[in-house]
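Enquirer: This is the structure I have questions about; it appears just below.
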Amino acid sequence: MLTRRLIRFLLPATQLPQATNSSTFPKSRTSVSDNSLATRAKAKTISVGDRGVGVRAVSVTMSLSSDQRSEEGHFKLSESAALVIKKGDITKWSVDGSSDAIVNPANERMLGGGGADGAIHRAAGPELREACCKVPEVRPEVRCPIGEARITPGFKLPASHVIHTVGPIYDADSNPEASLRNAYKNSLSVAKENNIQYIAFTAISCGVYGYPYEEAAAVALSTVKEFANDFKEVHFVLFSDDIYNVWLNKAKELLKA
């Protein structure tokens, strides 16, 4: 929030309008619309010395809307591609409904689970589970091994496709960094093969799989950089304040804002 105290209209006190709790001022010329900028103003008259001179003191308080604050999470991946880091619900994310995909942090069975995986299945409807059941098993009960990716339609989701990938359990994987990098890399490769232009990730493996946020952010963002010329936009839609802040700070380190 920005607060500015402006001193205007140094006039004889007799010419000053009567001070009230709220005063009307002409609209300022600004590129920010009234809908995106909240402004509150308060005025009062102060008498100064023998000359009867008054000062009209105006205190203006402006608060930026959420749309303006979100600009902080925009980064340039290349001349034609952008990275967007934002807080939100990935099940509601979409850009054009035809060339966009969200990445589901799935389990190897691909039949839904907890966290974002369960939320995505619920939002997509039962058709998503039916489509996942049709994905061939590579071995019993495994349709998508750790680090690999599969794609299905999005069904009732706003995004046109769902890319399913399985991240590592941090304490159980012999090389969690390589497995996590593969999860991002293979998701991006599958998206590219299917002409996806806009893709959105959650923070893979940062929930119950226990991957440390700082390490996960470094892997995620460095892998995305390798695909800088293959997409129009790559999004990270993050539910937790803690994860969002880590991703934002790591992007500032690795990318030019």
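The values are calculated or read from the model by the stated rules, or taken from the named source; none is laboratory data. Everything quoted here is computed from the prediction, not taken from an experiment. Glycine also receives a Cβ, built like all others from the backbone with ideal geometry; neighbour counts cover every protein chain displayed.
Enquirer: Counting only residues that are touching a Phe, Trp or Tyr at 6+ places or on another chain (Cβ under 9 Å) and assigned by TED's automatic domain parsing to the domain that holds Lys225, give me the strands (runs of 3 or more DSSP E) lying completely in the range 90-206 with at least 2 of them.
Expert: In the range 90-206, 100-105, 161-165, 198-201 are the strands (runs of 3 or more DSSP E) which contain 2 or more residues that are touching a Phe, Trp or Tyr at 6+ places or on another chain (Cβ under 9 Å) and assigned by TED's automatic domain parsing to the domain that holds Lys225.
Enquirer: Being of a type in the set (Phe, Trp, Tyr), within 20 Å of Ala251 (Cβ to Cβ) and surrounded by fewer than 22 Cβ atoms within 10 Å (Cβ to Cβ) is true for just one of Tyr184, Tyr213. Which residue is that?
Expert: After applying the criteria, what remains is Tyr213.
Enquirer: Looking for whichever is buried (at least 21 other Cβ atoms within 10 Å of the Cβ) and either under 29 Å from Lys225 (Cβ atoms) or touching a residue at least 24 places away in the same chain (Cβ under 8 Å) (or both) here; the options are Ala172, Ala178, Ala131, Ala149. Which one fits?
Expert: Working: Ala172 fails: buried (at least 21 other Cβ atoms within 10 Å of the Cβ); Ala178 fails: buried (at least 21 other Cβ atoms within 10 Å of the Cβ); Ala131 fails: buried (at least 21 other Cβ atoms within 10 Å of the Cβ).
Just a single option satisfies the conditions, and that option is Ala149.
Enquirer: Hey, could you check the range 216-257 for residues that are assigned to a loop (DSSP other than H, G, I, E, B) and of a type outside the set (A, V, I, L, M, F, W, C) and say which is surrounded by the fewest Cβ atoms within 10 Å (Cβ to Cβ)?
Expert: Checking each candidate, the answer is Lys256.
Enquirer: List every residue pair whose Cβ atoms lie under 8 Å apart, where the two residues are 6 or more positions apart in sequence or sit on different chains, the first residue falls within the range 75-86 and is in a loop (DSSP other than H, G, I, E, B), and the second residue, located anywhere, is exposed (fewer than 13 other Cβ atoms within 10 Å of the Cβ).
Expert: Ser78/Asn229; Ser80/Asn229; Ala81/Asn229
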